[in-house]
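Here is the structure we will look at, set down as C-alpha coordinates.
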Amino acid sequence: MEDRRDIEQSLKLFIVLSRAYKAINEDVQVFIQNNGLNMTEFAVLELLYHKGDQPLQQIGGKILLASGSITYVVDKLEKKGLIRRVACPTDRRVTYAQITDEGKAFIGELFPRHEEQIHQLMSVLDSDEKDTAIELLKRVGLSIKDLSY
(Lines give C-alpha, C1' and ligand atoms only; values in the text may rest on other atoms or scores of the structure.)
Protein backbone atom coordinates (compact mmCIF):
# COMPACT_ATOMS: atom_id res chain seq x y z
CA MET A 1 0.00 0.00 0.00
CA GLU A 2 1.23 3.47 -0.83
CA ASP A 3 2.45 5.68 1.96
CA ARG A 4 -0.21 8.28 2.88
CA ARG A 5 2.45 11.01 2.99
CA ASP A 6 3.46 10.15 -0.59
CA ILE A 7 -0.16 10.43 -1.73
CA GLU A 8 -0.55 13.79 0.04
CA GLN A 9 2.69 15.01 -1.56
CA SER A 10 1.32 14.07 -4.98
CA LEU A 11 -1.84 16.08 -4.31
CA LYS A 12 0.19 19.03 -3.03
CA LEU A 13 2.44 18.89 -6.10
CA PHE A 14 -0.63 18.93 -8.33
CA ILE A 15 -2.04 21.98 -6.53
CA VAL A 16 1.28 23.86 -6.55
CA LEU A 17 1.83 23.07 -10.23
CA SER A 18 -1.73 24.11 -11.09
CA ARG A 19 -1.42 27.40 -9.20
CA ALA A 20 1.96 28.18 -10.77
CA TYR A 21 0.57 27.49 -14.25
CA LYS A 22 -2.48 29.65 -13.53
CA ALA A 23 -0.36 32.57 -12.29
CA ILE A 24 2.03 32.40 -15.25
CA ASN A 25 -0.78 31.97 -17.77
CA GLU A 26 -2.78 34.90 -16.37
CA ASP A 27 0.26 37.17 -16.59
CA VAL A 28 0.95 36.12 -20.18
CA GLN A 29 -2.73 36.52 -21.12
CA VAL A 30 -2.75 40.11 -19.89
CA PHE A 31 0.33 40.90 -21.97
CA ILE A 32 -1.15 39.28 -25.10
CA GLN A 33 -4.54 40.99 -24.60
CA ASN A 34 -2.86 44.35 -24.08
CA ASN A 35 -1.42 43.86 -27.55
CA GLY A 36 -4.81 43.29 -29.19
CA LEU A 37 -4.91 39.49 -29.41
CA ASN A 38 -6.30 36.61 -27.43
CA MET A 39 -4.14 33.62 -26.57
CA THR A 40 -5.41 31.50 -29.46
CA GLU A 41 -4.84 34.26 -32.01
CA PHE A 42 -1.33 34.71 -30.64
CA ALA A 43 -0.67 30.96 -30.84
CA VAL A 44 -1.79 30.79 -34.49
CA LEU A 45 0.20 33.86 -35.45
CA GLU A 46 3.29 32.61 -33.62
CA LEU A 47 2.98 29.19 -35.31
CA LEU A 48 2.82 30.75 -38.77
CA TYR A 49 5.67 33.14 -37.97
CA HIS A 50 8.02 30.38 -36.81
CA LYS A 51 6.87 27.42 -38.93
CA GLY A 52 5.57 29.04 -42.13
CA ASP A 53 2.34 28.33 -44.01
CA GLN A 54 0.13 25.71 -42.37
CA PRO A 55 -2.90 23.77 -43.64
CA LEU A 56 -5.95 25.04 -41.75
CA GLN A 57 -6.88 21.44 -40.92
CA GLN A 58 -3.60 20.91 -39.03
CA ILE A 59 -3.36 24.13 -37.03
CA GLY A 60 -5.67 22.95 -34.24
CA GLY A 61 -3.52 19.93 -33.48
CA LYS A 62 -0.36 22.00 -33.41
CA ILE A 63 -1.66 24.57 -30.92
CA LEU A 64 -3.98 22.21 -29.02
CA LEU A 65 -7.26 23.74 -30.15
CA ALA A 66 -10.46 22.13 -31.43
CA SER A 67 -10.61 22.29 -35.22
CA GLY A 68 -14.01 23.99 -35.17
CA SER A 69 -12.52 27.01 -33.44
CA ILE A 70 -9.74 27.45 -35.99
CA THR A 71 -12.04 28.90 -38.65
CA TYR A 72 -13.24 31.56 -36.21
CA VAL A 73 -9.69 32.47 -35.15
CA VAL A 74 -8.40 32.54 -38.73
CA ASP A 75 -11.35 34.78 -39.71
CA LYS A 76 -10.45 37.22 -36.92
CA LEU A 77 -6.76 37.30 -37.84
CA GLU A 78 -7.64 37.71 -41.50
CA LYS A 79 -9.90 40.69 -40.71
CA LYS A 80 -6.99 42.25 -38.82
CA GLY A 81 -4.82 41.81 -41.91
CA LEU A 82 -2.35 39.59 -40.09
CA ILE A 83 -2.91 36.39 -42.08
CA ARG A 84 -4.55 35.27 -45.30
CA ARG A 85 -5.94 32.06 -46.70
CA VAL A 86 -4.11 30.58 -49.68
CA ALA A 87 -5.43 27.69 -51.78
CA CYS A 88 -3.09 24.74 -52.21
CA PRO A 89 -2.03 24.63 -55.86
CA THR A 90 -1.98 20.80 -55.94
CA ASP A 91 -5.02 19.89 -53.82
CA ARG A 92 -8.24 21.92 -53.96
CA ARG A 93 -9.37 20.43 -50.64
CA VAL A 94 -6.49 22.09 -48.75
CA THR A 95 -6.30 25.73 -47.73
CA TYR A 96 -3.25 27.19 -46.05
CA ALA A 97 -3.03 29.96 -43.49
CA GLN A 98 -0.22 32.32 -44.44
CA ILE A 99 1.14 35.20 -42.40
CA THR A 100 1.06 38.57 -44.16
CA ASP A 101 3.89 41.11 -44.16
CA GLU A 102 1.86 43.11 -41.65
CA GLY A 103 1.49 39.98 -39.50
CA LYS A 104 5.24 39.29 -39.68
CA ALA A 105 6.03 42.84 -38.62
CA PHE A 106 3.48 42.67 -35.78
CA ILE A 107 4.60 39.34 -34.33
CA GLY A 108 8.24 40.15 -35.07
CA GLU A 109 7.95 43.11 -32.72
CA LEU A 110 5.71 41.34 -30.17
CA PHE A 111 7.43 37.97 -29.84
CA PRO A 112 10.75 39.23 -28.43
CA ARG A 113 8.81 41.13 -25.74
CA HIS A 114 6.78 37.97 -25.00
CA GLU A 115 10.00 35.97 -24.82
CA GLU A 116 11.49 38.47 -22.38
CA GLN A 117 8.32 38.39 -20.26
CA ILE A 118 8.53 34.58 -20.02
CA HIS A 119 12.22 34.86 -19.14
CA GLN A 120 11.41 37.34 -16.36
CA LEU A 121 8.66 35.10 -15.01
CA MET A 122 11.09 32.15 -14.89
CA SER A 123 14.02 34.17 -13.53
CA VAL A 124 13.23 33.01 -10.00
CA LEU A 125 15.03 29.79 -11.03
CA ASP A 126 18.68 29.57 -12.03
CA SER A 127 19.79 27.73 -15.15
CA ASP A 128 20.35 24.38 -13.41
CA GLU A 129 16.98 24.60 -11.65
CA LYS A 130 15.28 25.28 -14.99
CA ASP A 131 16.97 22.23 -16.51
CA THR A 132 15.85 20.11 -13.55
CA ALA A 133 12.27 21.44 -13.72
CA ILE A 134 12.13 20.78 -17.47
CA GLU A 135 13.41 17.23 -17.02
CA LEU A 136 11.04 16.44 -14.15
CA LEU A 137 7.92 17.94 -15.75
CA LYS A 138 8.68 16.26 -19.05
CA ARG A 139 8.99 12.94 -17.23
CA VAL A 140 5.62 13.47 -15.56
CA GLY A 141 3.95 14.44 -18.84
CA LEU A 142 5.38 11.51 -20.78
CA SER A 143 4.51 9.00 -18.06
CA ILE A 144 0.81 9.80 -18.19
CA LYS A 145 0.27 7.88 -21.43
CA ASP A 146 1.56 4.75 -19.65
CA LEU A 147 -1.04 4.95 -16.89
CA SER A 148 -4.27 3.00 -17.00
CA TYR A 149 -7.13 3.39 -14.58
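The values are calculated or read from the model by the stated rules, or taken from the named source; none is laboratory data. Not measured: the values here are computed from a predicted model. Note that each Cβ is placed from the backbone with ideal geometry, even for glycine, and that neighbours are counted across all protein chains shown. Just so you know, the surface numbers come from the protein's heavy atoms only, side chains and all, with ligands and any DNA or RNA stripped out. Shrake-Rupley method; radii C 1.70, N 1.55, O 1.52, S 1.80 Å.
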- Message: Order 29-39, 69-79 from most to least packed using the mean count of other Cβ atoms within 10 Å.
- Response: 69-79, 29-39
- Task: Would you mind checking which residues have amide H under 5 Å from Ile83's amide H? H placed 1.01 Å from N; only 5 or more apart, or other chain.
- Result: Glu78, Thr100
- Query: About its Cα centre, what dipole magnitude does the chain give when the only charges are +1 on Lys and Arg Cβ and -1 on Asp and Glu Cβ, stated in debye to the nearest 20?
  - Reply: 680 debye
- the range 1-115: translational diffusion in µm²/s, Stokes-Einstein, Kirkwood Rh over Cα pairs, 10 °C, 1.306 mPa s: 99 µm²/s
- Query: When the solvent-accessible surface of protein heavy atoms is calculated with a 1.4 angstrom probe, in what order do Arg4, Arg85, Arg92 fall, highest first?
  - Reply: Arg92, Arg4, Arg85
- Item | For the range 110-122, Karplus couplings with θ = phi - 60° (6.51, -1.76, 1.60), whole Hz, Gly/Pro x | 7, 4, x, 5, 4, 4, 5, 4, 4, 4, 5, 5, 8
- Mean Cβ count within 10 Å, highest first, over the residues of peptides 139-145, 18-24: 18-24, 139-145
- Protection proxy ranking, peptides 122-130, 46-54, 107-115, average beta carbon neighbours within 10 Å, highest first: 46-54, 107-115, 122-130
- Listed residue (Leu45, Gln58, Ala20) projecting farthest to the positive dipole end of the chain, Cβ model: Gln58
